[in-house]
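The values are calculated or read from the model by the stated rules, or taken from the named source; none is laboratory data. This is a predicted model, so every value here is computed, not measured. Backbone-built Cβ (ideal geometry, glycine too); neighbour counts: all protein chains shown.
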Amino acid sequence: EDKVVQSPLSLVVHEGDTVTLNCSYEVTNFRSLLWYKQEKKAPTFLFMLTSSGIEKKSGRLSSILDKKELFSILNITATQTGDSAIYLCAVYSGTYKYIFGTGTRLKVLA
Amino acid sequence: GAVVSQHPSRVICKSGTSVKIECRSLDFQATTMFWYRQFPKQSLMLMATSNEGSKATYEQGVEKDKFLINHASLTLSTLTVTSAHPEDSSFYICSADTSGGGGTGELFFGEGSRLTVL
């Protein structure tokens, strides 16, 4: 059965800290891995990763994929209270199939 | 990115009534949309895959007669919660795939609808 596992489930840090969120997967067919940030409403898109070793970067956020070891990490440097959210990882395996992980709830304290 | 609009964002209804939630793709055609339910502090739970012009595909454990899905056009899917009860209170989110089922996948979400059944 296809599955996506995220860790940790929750995390509390202080402003300025750096955090690393993990996403591992076991799927029959891999097309891409997507990261989303969810605050109070619906998830917003962060990154799509398809190739190993190529870092995607947006401001203080970055992400990388390892297709050999079947995982991805999302890094957030110099965290701010506005980074507090649920971070969701999903794997797309083709033909409209997206498998979501349980999410990591991040809380950044001032 | 693509824009998906969901309406209403909040709805309060009495037990026994039906509630319709709309999900529209504003700047693209979506042959496939997804409906999720999210409980507090939990991840997204896929309820069903909505296919334009055909019947929705429901996930195991989701009642088809309770959660009616209609995808009558390439830009609109609706979820109707029939005879709603307090246990149906939840956050419902739709999403649309812009990849056409192939490629690397692109999924965009509506703003979500918070349903409260009294």
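Miscellaneous remarks
- Listed by position, the strands (runs of 3 or more DSSP E) contained in segment B:3-112 that have at least 3 residues being among the aromatic types (Phe, Trp, Tyr) are B:32-38.
- At least 2 residues being more than 10 Å from chain B (Cβ to nearest Cβ) is the threshold, and among the strands (runs of 3 or more DSSP E) wholly inside chain A those reaching it are A:3-7, A:10-14, A:19-26, A:32-38, A:44-49, A:56-58, A:61-66, A:71-76, A:85-92, A:104-109.
- Segment A:61-110: number of residues that are surrounded by fewer than 16 Cβ atoms within 10 Å (Cβ to Cβ) and under 29 Å from residue B:50 (Cβ atoms): 1
- Pair list, Cβ under 6 Å, 6 or more apart: segment A:5-27 residue within 16 Å of residue B:42 (Cβ to Cβ), other residue basic (Lys, Arg) and part of a strand (DSSP E or B): A:10/A:105
- Being of a type outside the set (Gly, Ala, Ser) and within 28 Å of residue A:110 (Cβ to Cβ) is a description that applies to residue A:74.
- Against the list (1) in contact with an Asp or Glu (Cβ under 6 Å, 6 or more places away or on another chain); (2) of a type in the set (A, V, I, L, M); (3) modelled with pLDDT under 90, the condition residue B:81 fails is (3).
- So residue B:57, is it surrounded by fewer than 19 Cβ atoms within 10 Å (Cβ to Cβ), among the polar types (S, T, N, Q) and away from chain A (no Cβ under 14 Å): no
- Hey, residue B:94 surrounded by 13 or more Cβ atoms within 10 Å (Cβ to Cβ) and within 14 Å of chain A (Cβ to nearest Cβ) or not: yes
- Scanning segment A:65-82 for residues being among the acidic types (Asp, Glu) and touching an Asp or Glu at 6+ places or on another chain (Cβ under 8 Å) gives a total of 0.
- Taking each residue of segment B:34-46 that is facing another protein chain (nearest Cβ under 9 Å) and closer than 18 Å to residue B:71 by Cα and looking for partners that are among the basic types (Lys, Arg) and crowded, with 22+ Cβ neighbours inside 10 Å with beta-carbon atoms closer than 7 Å, six or more apart or interchain, yields nothing.
- Candidate set: segment B:97-118, residues that are more than 19 Å from residue A:36 (Cα to Cα) and hydrophobic (A, V, I, L, M, F, W, C); chosen: the one surrounded by the fewest Cβ atoms within 10 Å (Cβ to Cβ): B:118
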